[in-house]
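Shown next, in structure tokens, is the structure this report addresses.
The values are calculated or read from the model by the stated rules, or taken from the named source; none is laboratory data. Model, not experiment: these values are computed from the prediction. Cβ placement follows ideal geometry from the backbone for every residue including glycine, while neighbour counts extend to all protein chains displayed. Accessible surface is based on the protein model in full, side chains and every heavy atom, while ligands, DNA and RNA are left aside. Shrake-Rupley method; radii C 1.70, N 1.55, O 1.52, S 1.80 Å.
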Amino acid sequence: TMTDETYAVNCTLDLPKKEKEDTMFLVALFSRYYWIVGSVLGGILGQIVPFDLTGLDFCMTALFLIIFIDQWEKAEKYTLALITFGLRALPFFAFSGSRKMPASLERLGQALPSAIMAVLIIYCMKDIPTGGISAAVPKLLAAAVVFITYKWKHQTLVSILLGTISYMMLLRLF
């Protein structure tokens, strides 16, 4: 799995080809497992920790800033980076202060997150039409387990865990 962080680390590698490929694989592998372990621990500890963690999310801002600085220092041309930054910053300037966003953009902002999630779900299920029953049944049943357990208990971690376990077991049956 390629994440922004994995990509940024892999871009900074200055090694011989074979060693670079091996290192890139290990970076991706460990990034994936750190993400999984961190997500599980975060879900568990988030329910247990009794104090306010407001502001902890700044660590992501710090991480992205460090990645940006590292990439900026290695770049030879800055045109695309500056254009991207300008386009990302434009809405904040256009709709700051007393200026309000148009109603159409407000509606789009409300509908878009669900639409993006729907596209991601469809993408995750993309091999169902071509994979036959061995691909369709496990994914659809596991998705049903996630849906039912989440609607029943509203516990994200439990739903993901039960859905994943179901999927892994169903793969072995079909």
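Take ASP14: with every protein chain present and a 1.4 Å probe, its accessible area is about 140 Å². Annotation for LEU15 and ALA144: the two label points, set 7 Å from Cα along the Cα-Cβ direction, are 4.6 nm apart. Heavy-atom surface analysis with a 1.4 Å probe gives the stretch 1-160 a carbon and sulfur content of 71 percent of its accessible area. Note on the chain: GNM, Cα springs under 10 Å; of LEU140, LEU13, LEU90, the largest mean-square fluctuation is that of LEU90. The GluC sites (Glu not before Pro) of the stretch 37-116 that DSSP puts in a loop, and whose beta carbon has at most 12 other beta carbons within 10 Å, are GLU76. From Cα pairs below 8 angstrom and at least 6 apart in sequence, can you work out the relative contact order of the stretch 98-166, rounded to a whole percent? This gives 21 percent for the stretch 98-166. Each label point was placed 7 Å from the Cα along the Cα-to-Cβ direction; for VAL40 and THR23 their separation is 3.0 nm. Computed from backbone phi with θ = phi - 60° and the Karplus coefficients 6.51, -1.76 and 1.60, the 3J(HN,Hα) list for the stretch 92-101 is 5, 7, 5, 10, 8, x, 7, 6, 9, 5 Hz; x is used for glycine and proline.
Exceedance of the 28 Å cut-off in Cα-Cα distance is limited, within the set LYS100/LYS153; LYS20/LYS77; LYS126/LYS151; LYS20/LYS74; LYS17/LYS126, to LYS100/LYS153; LYS17/LYS126. When semi-axes √(5λ) of the Cα gyration tensor in Å is calculated for this entry, the matching label among (1) 33, 27, 20; (2) 60, 21, 12; (3) 35, 18, 13 is (1). The stretch between LYS153 and LEU173, if pulled fully straight at 0.36 nm per residue, gains 4.5 nm over its current Cα-Cα span.
The modelled label-to-label distance for the pair ILE160/ALA136, using points 7 Å beyond Cα in the direction of Cβ, is 2.9 nm.
Estimated at the nearest 10 Å², the accessible area of MET24 is 60 Å² with a 1.4 Å probe.
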